[in-house]
1. Looking at the range 58-144, which chymotrypsin sites (Phe, Trp or Tyr not before Pro) are in a loop (DSSP not H, G, I, E or B) and have at most 14 other Cβ atoms within 10 Å?
2. Among K245/K342; K45/K200; K245/K603, which pairs are too far apart, with a Cα-Cα distance over 20 Å?
3. Averaging sequence separations of C-alpha pairs under 8 Å and six or more residues apart, then dividing by the length of the range 665-747, give the relative contact order as a whole percent.
4. For the range 665-747, list log₁₀ I(q)/I(0) at each q in 0.13, 0.17, 0.22, 0.25 Å⁻¹, using the Debye formula over Cα point scatterers of equal strength and ignoring solvent, two decimals each.
5. Reachable lysines from K733, Cα under 19 Å, same-chain residues fewer than 8 places away excluded?
6. Rounded, prolate or oblate for the range 110-229? Axes are the square roots of the Cα gyration tensor eigenvalues, ordered a ≥ b ≥ c, and the cut-off for rounded is a/c under 1.5.
7. How many nm separate the modelled label positions at K420 and R392, each set 7 Å beyond the Cα in the direction of the Cβ?
8. With a cut-off of at most 12 other beta carbons within 10 Å, and DSSP calling the residue loop, which trypsin sites (Lys or Arg not before Pro) in the range 380-453 qualify? Please list them.
Amino acid sequence: MERHHGTILLDQVDLLHPENTLAATVYMSGVFHSHVTLGNTNMNKFSSHQRNALNLLQTSGLRIYLRENEKLHLLTMPTAFEMQTNRAKWIYVLADDTLIVETKLSNGSKKVSVAIYSEQGKKYDFVMTNQISMGPNEYENEFSRVEKNGILFYTPKDNPRYPNLAYHVSGDFDEVTDERFIAESAVGTADLDCFIYTQKEAAHLDIQATLNGEFFAEKEEKTEAFYEALLSKFKLSHDSTFAEKYNITAYWYAHQMLIHYASPHGLEQGSGAAWGTRDVSQGPFEFFLATGHKAVLRSLILKVFSHQYKETGDWPQWFMFDKYETIQQEESHGDVIVWPLKMVGDYLHYSGDTSILEESIPYISVTTKSYTDEKETLKAHIEKAVSTIESRFMKGTSLSNYGDGDWDDTLQPANNELKKRMVSSWTVALTYQVMTALGKEMPEGARYETLACAIQEDFKTYMLQDTDVIPGFIYMKDEHTAEFMIHPKDKETKIDYRLIPLTRSVIAELVSDEQRKKNFNIIEEHLLHPDGVRLMSAPAHYAGGVSKHFKRAEQAANFGREVGLQYVHAHIRYIESLAKIGDDRAAHMLDVINPIQISEVVKNAVTRQSNTYFSSSDAAFLDRYAAQDDFSLVKKGSIPVKGGWRIYSSGPGIYLNQLIRSVLGIRETKTYFEFDPILPRELDGLSVNIELSGRMLHVTFKRSETKGITFGGKTRRELLPNPYREGALFIPKEELPEGQHELEILFTSI
C-alpha cells in the first residue's frame, strides 16, 4: 500500500473547550507516536511528525530499537496492528517470544504513555528515541530542557500566548542521552532524545502536557461511554451487514469529526491548527445538529461569529480558535460569508432559541487581527454580514460576485477580470437557501424573505436564460449580458457540466420539479462514475501549469483531490440531494464512499485503510496529460481508483449527518420530530436507537404502500411539504414526552 495504516489518538474532548485537546499520531510501521500536541497542532507541537508516507525518515516521532550484540534493530512493520480512538497496539511475533507495544492517551490527565513488554518475560535492551520539535517544524525552535529527579521538563523559549505550556517526560529508563548514541558526529543536529533501558522485561515512557503549568493525576474515564454520549446512543440493528457496517462507521467518523473540530490536522496534512470558516460550519456543526448537542451548537455559532471582521462584515478563510486568534487568512472566497449565516438558520429551526440573537460578542479587527473591545449582538453581526453580501451583488442584480472563489478551491479565478465579473451559480443557490431559512426563522425575517425572492428571480433570468442546463458560472460582460462558463455553450473551457450547482439548487429548493429532473439526468449521464460523482464532466485543461481561467485546476501537477474531480464531500452533498427528491439510491451512495469493504461496491477500488475517511477517490493516472487523454476510462471503471488524504476533513461530520438526518430521516426541530426515511426495500425491518432532547427513541422502519407512524397505540399520517415528493412524517414534541418511546415508521420505496 502507498500509505501505511495510521490514526490520530485523542484524549477525551471537552466539547465546549476543544482547544484543550491532547493528540498523538501513530502509524502501523513502527511510529509509536508522533506529533504529540496539547491544543494548537502547529504552535504547541511537542514532537515531530512523519513526513514520508513510506517511512523513509526514521528520526520522526517515537521509535523503539532492540539492542543485540552492539547492534540496533528498529521495530517497524508488526505482525498485527490494532487501533482504537485513544490507544494503539503493535504485536511483534519473534521466533521464541512476542513483543507487545502499546500507546495510550489518558482521558483526563493529558498523558501519552508508551510501553513495550515481553509476553514470555524475557529481558531485552531497549532504546527509545523521540525527536523534539516544540513548534511547527523541527530544527527551528528554541526550547528549554531541564532534568530534575529523573523527569525531563520541556518548555518553549518564548510563547507569550501560552507562557505556561510545558511537557514532562518520565519513565523507567536507565539513562537518557541524545543523537550521539546513534552517531557520534551527529551531536546537535536532530533534537533527538535517546532513552536507554538495560535488561528489562518491560519499558515505559510517559509524556504529560499542560497549558497552565499544572500537571494532573491520572483520571480514567471509559472511552466507550464518552463516544456513546457523543453519538447520542445511536445504534442500528438489522439482519443484513448494513447495521454492523454503519455502527462501526459512526464510531470512527465521530472520532474523526472530533479531530477536525478539536485537533485540526491529518495523516497526510500534518499542519492545520485552525478552523476553516466554511468547514467548521459544516462538518462539526452538522454532526452536533444530527446528534442534538444544543449547547455545543450554540457555543460554536458564537465562537465563529466572534471572528467576523468588524470593518468588512466578512470572515477570514480560516482562523485559529484558541489564544493564537491573530493567526488567520484574511482573504476568503465568495461563499465563506454565507456559511455562518446558514448555521444560525439551521440552529433556530432546530432549537427555537432566539435568545442567542441577543448575545453580545466581539469582532476581529482587520488591522490588529485581534478581538475588538466593542461588542454587538449576534443579530447585529448577522445584519452586518447580510449587508456585505448585498454590497457584493453584481450591478443591477441579486447575484453574488465570485470574488476569490467558491467551495471548489481549485477553481479560483486566474485573473482580476474573471474575479470581478464571474458569478458562481452554486454560491447563488446556497445564498438563496440561507436567506430563505433566515426569513422563516428570524423574528423579523421580511428583509431576508425579500432578498431570497430577488435571488430566485435573478437565478431564473441569468442562469436559465434560453437553457435547461444550469451553468457552473456566468461571466457578466455588462449589466445585461451574461456568458455561460462550464456549460455546453462554453467553447472556452470546453467543460460542459458542473456538479455542485445541480445538487445545491435542489437541496435549496430553488428550482422547479421539472428542472430538478433535468439536473439529475445530467448527473446520471455525465457526472456519475462507479466510485461516485465527479465535480465536472471533464478535468480543467492542463498545459504545463499555465492558468487561463482557473488557478490550481490548471496549475496542479497532481491529478488528485479536487483536481481529480471525485472529492468525497461533494458526493455526500449528492446523497443529500437524492434524499431531498426521495431517491432510495441514497443508501447505496453512502456505500460507494464508505471505506469498509469498499471493493465489494466499487470493483476498481484499490485496497485502502478501512477505518478512516478518505477525502477523494483518485483515478490512478500517472500524470495530468494521461488523465486528460484517457478520462473516459474513469466512467468505464477500467482504471484503478485510490483513496485520497485521510481523516482531516469536514466530511466525517456531514457524512454522519446525511446518514442520520437524510437517509434514516430522523430530524429534530423546535416543535416536532420528523421521520423521513429514504431507504431501499432491502432495509425493511431496520431499527435504530437514538436519544434526542431526553427522548430515547427506538425506531423500526417497515416498508408499506403508504406512509405512517405508529406509536402509543395510534397512527399519524400527516406529512410536511416537499416540492419534489411526499414530505416527512412528524410528531409534535408534546406528544412525545421525555422518556422511552417505541416508534414504527411505515415507509415507501421505489
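Rule-based calculations on the coordinates, nothing more; no lab input. All values derive from a computational prediction rather than experimental measurement. Because the Cβ atoms are built from the backbone with ideal geometry, glycine has one as well, and the counts that use them run over all protein chains shown.
1. On the way: sites: Y65, F81, W90, Y92, Y117, Y124, F126, Y139, F143; in loops: Y139.
The qualifying sites are Y139.
2. Details: K245/K342 31 Å; K45/K200 30 Å; K245/K603 18 Å.
From the list (K245/K342; K45/K200; K245/K603), the Cα-Cα distance tops 20 Å for K245/K342; K45/K200.
3. Numbers: 161 pairs, mean separation 30.2, N = 83.
Averaging sequence separation for qualifying contacts and normalising by length gives 36 percent for the range 665-747.
4. Evaluating at q = 0.13, 0.17, 0.22, 0.25 Å⁻¹ gives log10 I(q)/I(0) of -0.37, -0.64, -1.10, -1.41.
5. K294, K670, K714
6. Details: a/c = 2.03, a/b = 1.02, b/c = 1.98.
Cα axes put the range 110-229 in the oblate bin.
7. So the label points at K420 and R392 sit 1.7 nm apart.
8. Working: sites: K384, R392, K395, K419, K420, R421, K440, R447; in loops: R392, K395.
Here the trypsin sites (Lys or Arg not before Pro) that fit, given the DSSP loop and packing criteria, are K395.
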